[in-house]
């Protein structure tokens with residue numbers, strides 16, 4: 001018997017938490033961007049930047065299909081988000 005859970009499990013084994021966070025960050029940013037609120041976008045990016053920096057590096061261990069090659073790259077993405085987010089927040093009017 002072939003269960004759908006096995007398909008999902010075999011698909012997710014190729015990725016790590018960093019890839020999931022990148023996907024959620026981009027999809028959430030698109031959703032917030034459609035609301036045309038730079039302040040909300042800045043807060044969204046700031047929260048995910050903090051997540052990238054605070055979470056332990058072992059959770060970002062690259063797998064076979066990972067988007068980024070090393071743990072440091074995920075940390076640099078978080079650092080970049082922490083630099084860009086306050087600028088977007090301060091420029092926004094609403």
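The values are calculated or read from the model by the stated rules, or taken from the named source; none is laboratory data. Fair warning: this is a prediction, and the values are worked out from it, not measured in the lab. Ideal geometry is used to build each Cβ from the backbone, glycine not excepted, and the neighbour counts take in all protein chains shown.
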(request) Collect the residues in segment 26-46 that are in a helix (DSSP H, G or I), out of contact with any helix residue (DSSP H, G or I) (no Cβ under 9 Å at 6 or more places or on another chain) and more than 17 Å from residue 78 (Cα to Cα), keeping them in residue-number order. (result) 30
(request) Determine, yes or no, whether residue 11 is in a helix (DSSP H, G or I), modelled with pLDDT under 90 and surrounded by fewer than 13 Cβ atoms within 10 Å (Cβ to Cβ). (result) yes
(request) Report yes if some residue within segment 50-64 is on the phi < 0 side of the Ramachandran plot, surrounded by fewer than 17 Cβ atoms within 10 Å (Cβ to Cβ), touching a residue at least 40 places away in the same chain (Cβ under 8 Å) and in a helix (DSSP H, G or I); otherwise report no. (result) yes
(message) Can you say whether residue 93 is in contact with a helix residue (DSSP H, G or I) (Cβ under 8 Å, 6 or more places away or on another chain), part of a loop (DSSP other than H, G, I, E, B) and exposed (fewer than 14 other Cβ atoms within 10 Å of the Cβ), as far as the supplied structure shows?
(response) yes
